[in-house]
Amino acid sequence: MNTRHVRDLAHLVAALAALGACTAGTLRAEKPGKSAASGDGWIVLWDGKTFKNWKASENRDSWKIENGAIVAHGPRSHLFYVGPEAPFKNFVFEAEVMTTPGSNAGIYFHTRYQDTGWPSYGYEAQVNNSHKDPKRTGSLYGVVNVLEPPAKDNEWFKMRITVKGKRIVIEVNDKKVVDYTEPPNKKPFSKSFKRVLGEGTFALQAHDPNSKVYFRNLRVKKLP
């Protein structure tokens, strides 16, 4: 090998080393445990390992982490996102979900933390493919009901919730199942359940001891 080839090889090794250092620095910057925004605007809400930035209400033992998923299994409890990215107003939210037979759960949005009870604020996107409650996955609970399950038990499916202004769109496996526009000056549904858009956070639901539901890959993109 002549001197020129040695010099070129040295330059190549140095360039590869610099690239490796840059890549390692990028990975360190996105270390799990912090909400991380990707270049396309998506914000990762869950680190896949801990409950950092999430807070459970009553019956906290209803929540576990298994094999990279949040597991809801036990008496009624709600797991609220309390991280630095909240509150949320206009957004696209995505999660992968898997139900077991006979299970019920939900994903709340525009809600706020409370210690006990069913969340009073915001709306709930239903998660239920075979529970006795006839309102199936993707329903905007108590507002627009989906009666045929768009997904199957024991299989991962994707839920997407989009809020823009007064419009709510819910998709399951990229199929639109709800497209609802809140009417002007909408009154609260009841004293216990407001079901009015404003802003707030997300919450996952553990519905009852006989339900077991898995959640993973929780992320959101804020919209203008």
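The values are calculated or read from the model by the stated rules, or taken from the named source; none is laboratory data. These numbers come from a predicted model, not from an experiment. Reconstructed Cβ throughout: ideal geometry from the backbone, glycine too, with neighbour counts over all protein chains shown.
I'm checking my understanding of the structure. Among residues of segment 59-76 that are touching a helix residue (DSSP H, G or I) at 6+ places or on another chain (Cβ under 8 Å) and outside any strand (DSSP E or B), which one is surrounded by the most Cβ atoms within 10 Å (Cβ to Cβ)? Spell out how you get there, then give the answer.
Of the residues in segment 59-76, the ones touching a helix residue (DSSP H, G or I) at 6+ places or on another chain (Cβ under 8 Å) are 72-76.
Still in the running and outside any strand (DSSP E or B): 74-76.
On the way: GLY74: 19, PRO75: 12, ARG76: 17.
Ranking the candidates gives GLY74 first.
If we keep just the residues of segment 86-121 that are under 11 Å from PHE202 (Cα atoms) and aromatic (Phe, Trp, Tyr), which is surrounded by the fewest Cβ atoms within 10 Å (Cβ to Cβ)?
TYR113
Take the conditions more than 23 Å from VAL169 (Cβ to Cβ), of a type in the set (Phe, Trp, Tyr) and assigned by TED's automatic domain parsing to the domain that holds SER211 and apply them to TYR108. Does it pass? Walk me through it before giving the result.
On the way: more than 23 Å from VAL169 (Cβ to Cβ): no; of a type in the set (Phe, Trp, Tyr): yes; assigned by TED's automatic domain parsing to the domain that holds SER211: yes.
Taking the combined requirement at face value, the residue does not satisfy it.
Being under 17 Å from the mean Cα position of the chain (by Cα), touching a residue at least 24 places away in the same chain (Cβ under 8 Å) and under 15 Å from ASN90 (Cβ atoms): is that true of GLY165 here? Break it down into steps so the answer makes sense when it comes.
On the way: under 17 Å from the mean Cα position of the chain (by Cα): no; touching a residue at least 24 places away in the same chain (Cβ under 8 Å): yes; under 15 Å from ASN90 (Cβ atoms): yes.
No: the conditions fail for GLY165.
Take segment 187-202 and flag every residue that is buried (at least 17 other Cβ atoms within 10 Å of the Cβ) and farther than 20 Å from TRP42 by Cβ.
PHE193, LYS194, ARG195, LEU197
Can you pull out every residue in segment 77-105 that is β-branched (Val, Ile, Thr) and either outside the structural domain of SER62 (by TED's automatic domain parsing) or in a loop (DSSP other than H, G, I, E, B) (or both)?
Filtering segment 77-105 down to residues β-branched (Val, Ile, Thr) leaves 82, 92, 97, 99-100.
Scanning segment 77-105 gives VAL82, THR100.
Output yes when any residue across segment 44-52 is among the β-branched types (Val, Ile, Thr), buried (at least 18 other Cβ atoms within 10 Å of the Cβ) and within 28 Å of PRO224 (Cβ to Cβ), and no when none is.
Step one: list which residues in segment 44-52 are among the β-branched types (Val, Ile, Thr), which gives 44, 50.
Then keep just the ones that are buried (at least 18 other Cβ atoms within 10 Å of the Cβ); that gives 44.
Subsequent filtering for residues that are within 28 Å of PRO224 (Cβ to Cβ) retains 44.
Checked segment 44-52: at least one residue is among the β-branched types (Val, Ile, Thr), buried (at least 18 other Cβ atoms within 10 Å of the Cβ) and within 28 Å of PRO224 (Cβ to Cβ).
Out of (1) within 17 Å of the chain's Cα centre (by Cα); (2) crowded, with 21+ Cβ neighbours inside 10 Å, the odd one out for ASN129 is which?
Condition not satisfied by ASN129: (1).
Only one of these is over 21 Å from ARG160 (Cβ atoms), modelled with pLDDT of 95 or more and β-branched (Val, Ile, Thr): ILE70, ILE65. Name it.
Details: ILE70 fails: over 21 Å from ARG160 (Cβ atoms).
Just a single option satisfies the conditions, and that option is ILE65.
Restricting to segment 122-145, give me the number of residues that are in contact (Cβ under 8 Å) with a residue 60 or more places away in the chain and closer than 17 Å to PHE202 by Cβ. Break it down into steps so the answer makes sense when it comes.
Of the residues in segment 122-145, the ones in contact (Cβ under 8 Å) with a residue 60 or more places away in the chain are 122-124, 127, 131.
With closer than 17 Å to PHE202 by Cβ added as a condition, the list becomes 122-124, 127.
Of the residues in segment 122-145, 4 are in contact (Cβ under 8 Å) with a residue 60 or more places away in the chain and closer than 17 Å to PHE202 by Cβ.
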